[in-house]
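Okay, structure first, notes after.
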Amino acid sequence: MIKKFVTQVQELFTRKKPRLRKEPKRIAAAEHAIDRELVSRNALRVCETLQKHGFATYIVGGAVRDLLLGIAPKDFDVATDATPEQVKAHFRRAIIIGRRFRLVHVMFGQETIEVSTFRALENPDRQTDEHGRVLADNLFGSQPEDAARRDFTINALYYDPVTETVLDYHDGVKDIRRRKLRMIGEPEARYREDPVRMLRAVRFAAKLGFEIDEATRKPITTLAALIENVPAARLFEEMLKLLTSGHAVACITRLRVEGLHHGLLPLLDVILEQPEGERFVMLALSRTDERVRAGKHIAIGFLFATLLWHEVLKQWKLREGRGEHRIPALDVAIDEVLERQTEKLAIQRRYTSDMREIWMLQPRFERRTGRNPVKLLEHLRVRAGYDFLMLRCAAEEAPAELGEWWTRFMESNEAERESLLAAPQARDSAAAPNRRRRRGRRGNGSSGVARDADGSASASANSDIAVPSSKGG
Ligand code: ATP
Ligand code: MG
């Protein structure tokens, strides 16, 4: 009787941890198609060195997933049974970092290999918040435990670059072949432990073109609100990964489908539901995707400036409507938007100052009288401001003529610039038809382009060639 009870309790206990698989499948080189050329020499060196000293050491996570898909990994993580101190001891340039979980950065020139010690699955001292989110967790564990606490099956693969063997604890290789994103363990519990996994699900599905397994997808709608409890800095990091993945358009589209866009950027849902806002944001994101895929640099401040621009426009317009002066109204609108935003998603200060400058430059591009354009060229951020203006023109929210004029002006020599400055008639007549057409479509009868000579005093409805109605059509 007692024995039976004990067995039942034991069963109950083991049922709570169905994720732990002690024996992995071993996939030999002949059975997988990992191209050795795509494996970082430095990651190989870290594995070789630690293995030579008797430590089990593997390339792990996203790098193995990408290698199996034939994609060149953007970085390499390594997992080992050596402690951070033991790892550090074997490399000339290595530092121990991290508080929540200590790991080692081993540096080789430009490349850093992140080496972490296998982590424990169940930690009796683990602290969680009232929704089950794990707050602090720093226990070392076995390799099977390390595998079980990773998020998706395709992210829980270990590759030994010396023997070229892949270790697969959770059928990740099968899921890669089926192109399925599947959570390890019980999805709802895993999302509660760490709500960021919902965003990761969307990012990987969009980036890899994988389908999210039904059981993995299902709890997301119900749990979406838990994103609000994630610390703002962590959310920013994850959003950054998502927006610079080269698949931002697909990610954002997917976020909306899963109902995850609330609480990320304020009113991202509202912005995307306005035709004007959606056109602008989607255009900005697809340009970003093109740049990432072409291996070009992405200016993060610029990117976030595009995402929040229509929020700024709305607040700006509102203040102007109340009779506030144009430039101070923009300044305060920016304060409001940034303040509200950083509560939820901690955009770092170095980016918010770029954003502010890009936004504040916009009305200055409208002032083509006197020496204003020449002065504007001296501004340190004029290029970013100009790129932003061009995006607004492409999204048809600023007159095409204005963008064309500035393109010519920026590309001209001094003499050509003087002649452009001396031909205000040509500019105005070219701008007017565009303006009329756009106004007309929105059912607002006003037309013509008002030049804002001093940039500060005109609060009239006509002065905002750069400020379309935020309500859209
Ligand atoms: P990317 O290509 O974006 O770098 P990745 O899978 O390498 O994708 P990382 O954020 O670099 O993602 O994380 C490395 C590995 O750590 C993941 O593959 C996964 O195994 C594990 N991991 C990361 N974040 C989590 C999480 N929130 N919950 C569980 N495991 C995680
Ligand atoms: Mg990674």
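Taking every pair of Cα atoms in the range 76-229, average 1/r, invert it to obtain the Kirkwood radius, and report Rg/Rh to two decimals.
Rounded to two decimals, Rg over Rh is 0.98.
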Along the range 77-86, what does the Karplus equation 6.51 cos²θ - 1.76 cosθ + 1.60 (θ = phi - 60°) give for ³J(HN,Hα), rounded to whole Hz, x for Gly and Pro? 10, 10, 10, 8, 8, 7, 6, x, 5, 5
With each label point set 7 Å from Cα along the Cα-Cβ vector, what nm distance links R340 and L377? 3.9
Magnitude of the Cβ-charge dipole of the range 61-218, K/R +1 and D/E -1, about the Cα centre, nearest 20 debye? 500
With +1 on the Cβ of every Lys and Arg and -1 on the Cβ of every Asp and Glu, the dipole magnitude of the range 337-389 about its Cα centre, in debye rounded to the nearest 20, is 160
In whole Hz, what ³J(HN,Hα) sequence does the range 168-174 give by Karplus (6.51, -1.76, 1.60; θ = phi - 60°), x for Gly and Pro? 10, 8, 10, 6, x, 5, 4
Quickly rank 54-61, 160-167, 87-94 as a protection proxy: mean count of other C-beta atoms within 10 Å, highest first. 54-61, 160-167, 87-94
Between L69 and D387, what FRET efficiency comes out of the Förster formula 1/(1 + (r/R0)^6) with R0 = 41 Å and r the beta carbon distance, rounded to 0.05? 0.80
Tell me, what ³J(HN,Hα) does each residue in the range 285-300 have, in order and in whole Hz, if you take phi through Karplus 6.51 cos²θ - 1.76 cosθ + 1.60 with θ = phi - 60° and put x for Gly and Pro? 5, 6, 5, 4, 4, 4, 5, 4, 5, 8, x, 8, 5, 10, 8, 5
Any idea of the accessible area per residue across the range 56-206, 1.4 Å probe, to the nearest Å²? 40
Where nothing but the Cβ of Lys and Arg (+1) and of Asp and Glu (-1) is charged, how large is the charge dipole of the range 224-353 around its Cα centre, in debye to the nearest 20? 400
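Accessible area per residue, 1.4 Å probe, Å², for the range 216-366: what's the number?
That works out to 41 Å² per residue.
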For T128, which sequence-distant residues (separation of 5 or more, or a different chain) have an amide H within less than 5 Å of its own amide H, given hydrogens modelled in the peptide plane? L135
Testing the spin-label approximation: label points 7 Å from Cα along Cα→Cβ at E37 and R349. State their distance in nm. 4.7
Nonlocal amide H pairs with A398, under 5 Å, H built at 1.01 Å: C393
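The values are calculated or read from the model by the stated rules, or taken from the named source; none is laboratory data. The shown structure was predicted, so the numbers you read here are calculated from the model rather than taken from an experiment. Using ideal geometry, Cβ is built from the backbone for each residue, glycine included, and neighbour counts are taken over all protein chains shown. The accessibility values were calculated without ligands, DNA or RNA, using every heavy atom of the protein model including side chains. Shrake-Rupley method; radii C 1.70, N 1.55, O 1.52, S 1.80 Å.
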